[in-house]
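Okay, so here's the structure we're looking at.
Just so it is clear, none of the values below were taken in a lab; they were calculated from the coordinates. This one's a predicted model, so the numbers in the text were calculated from it and none came from an experiment. Don't worry about glycine lacking a Cβ; one is built from the backbone with ideal geometry, like all the others, and counts go over all protein chains shown.
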Amino acid sequence: MTQFFKLFKVAFQAINKNRSRSLLTMLGIIIGVAAVIMTISAGEGASKQVRDQISGLGSNLMMIRTKTEHRAGVNVRMGRPLDKHDYEILKKNAVWMPQLSPLVALGAQVIGPDGNKSSTIYGVSSAYFNILNRDIVLGKTFTDEDVKTANKICVIGETIREELFSGRDPVGSQIRINKVPFTVIGLLTAQGQGVMGQDQDDIIIAPYTTIQNRLYGGTEYNMIMASATSENAIDDAKFEATILLREAHKLLPDQDDDFDITTQLEIQEVSGSVMNILTILLGAIGSISLIVGGVGIMNIMLVSVTERTREIGTRLAIGARESDILTQFLIEAISLSLVGGIIGIILGILGNQLVYKLTNFIIPTSVSSILIGFGFSVFVGVAFGYFPARKAAKLNPIDALRYE
């Protein structure tokens, strides 16, 4: 053990003798470790944000759509569209889906007291707000009676309020959607950006009957949204919806479903897999800097072997073993890498904090990212330091002593 510490002492003395060169050599490791920590942490932070946003929608959410296939660059509908008949069958017979809402989406030009903008109008039932956990901060939501009578009322998001009402209380005011007047009765609680980067507050919600009768002119739905009784009942709810819709569409036993049912749990699984792959790719990109740093270490250690040829020859001549020389130069390489790794870890943690201060994007510095970064730095030290160390150990003592 004493011999081991002596080797480390000699290694640090050699590093200290050429401080500028050692620092430049470590620079690649420092940047690489910091990049690995920041990229992995950013990926994990993004994954957490996506999981939180999806979980905020409720774990028992279901979305029923008409089946489509991507052909020649466009989505082609493969079955009959969802309509009032499907909705009423589900609403009347479903046991595991107590809350259902049609959804009709329509892009439209909206005009308010202080401006105008293009936005998306969603026609839904009163159950929509409970299904998607959308709360009201001002005013109220519409009722089943409003849906039944197709009242020209709506609830808007924070972005709509900012652009059309200059941040004022919009409740009771009117907006015009494709020239049709609607009265604002409520303001949604702000939610910010969604999973795919979309503005969740750039939204107008109205009774689906009003949208169909006044703006859309059709009877089809983009989807039917449902909420299962609980997360544990979501498979039962999906099976129940499949049976009811197959009967409604008069599908034979050998025919495929002409609709798709996606659950919240499936969305979480898919998004989790995508974000994990993204995190791995980000870490791999960051590790490229470590490889560059490793090449720098190998280059400097080869130069060091050349400069210290006579020293190596002297040590071999007075009885040092090849393993002693190999260990000494290998420890020097590992020491360079370790010091660079420690500095890189500190810079990576500080970098995460800086990003948070500048962007308000939370990047949690996980223990795993630190361990990965540190482990990579050790591996690079061993992998790229071995060849120069072996070259030093294999020097012929006589030739080394003659070297000028």
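Couple of notes before you dig in:
- Shown in residue order for segment 21-28 are the 3J(HN,Hα) couplings computed by the Karplus curve 6.51 cos²θ - 1.76 cosθ + 1.60 at θ = phi - 60°: 5, 5, 5, 5, 5, 6, 4, x Hz (x for Gly and Pro).
- Charge tally around ASP235: other residues with Cβ under 15 Å, Lys/Arg +1 each, Asp/Glu -1 each, net -4.
- For segment 62-264, relative contact order (Cα pairs under 8 Å, six or more residues apart, normalised by length) works out to 34 percent.
- Over all other residues within a Cβ to Cβ distance under 14 Å of LYS91, the charged ones net out to -2, with Lys and Arg as +1 and Asp and Glu as -1.
- Here the simple spin-label model places points 7 Å from the Cα toward Cβ, and for LYS179 and LYS84 these points are separated by 2.6 nm.
- As a rough guide to protection, the peptides 241-251, 147-157 ranked by mean Cβ packing within 10 Å, highest first, stand as 147-157, 241-251.
- Proximity of backbone amide H atoms, modeled 1.01 Å from N, is registered between PHE142 and no other residue at under 5 Å, excluding neighbours fewer than 5 places apart on the same chain.
- Too-long pairs where the Cα-Cα distance tops 25 Å, listed order kept, from LYS84/LYS238; LYS148/LYS179; LYS92/LYS250; LYS92/LYS140; LYS92/LYS152: LYS92/LYS140; LYS92/LYS152
- In Hz, Karplus ³J(HN,Hα) per residue of segment 204-220 (6.51, -1.76, 1.60; θ = phi - 60°; x = Gly, Pro): 10, 10, 9, x, 5, 5, 5, 4, 5, 7, 9, 10, 8, x, x, 10, 7
- Where labels lie 7 Å past Cα in the beta-carbon direction, separation of ILE243 and LEU138 in nm: 4.8
- In this structure the amide hydrogen of SER125, modeled in the peptide plane, comes within under 5 Å of the amide hydrogens of TYR208, none closer than 5 places in sequence on its chain.
- 3J(HN,Hα) along segment 138-153, derived from phi through the Karplus expression 6.51 cos²θ - 1.76 cosθ + 1.60 where θ = phi - 60°, amounts to 9, x, 8, 9, 7, 10, 4, 5, 4, 5, 5, 8, 6, 5, 8, 10 Hz, with x in place of Gly and Pro.
- Net charge of Cβ neighbours under 11 Å - reference GLN109; Lys, Arg +1; Asp, Glu -1: +3
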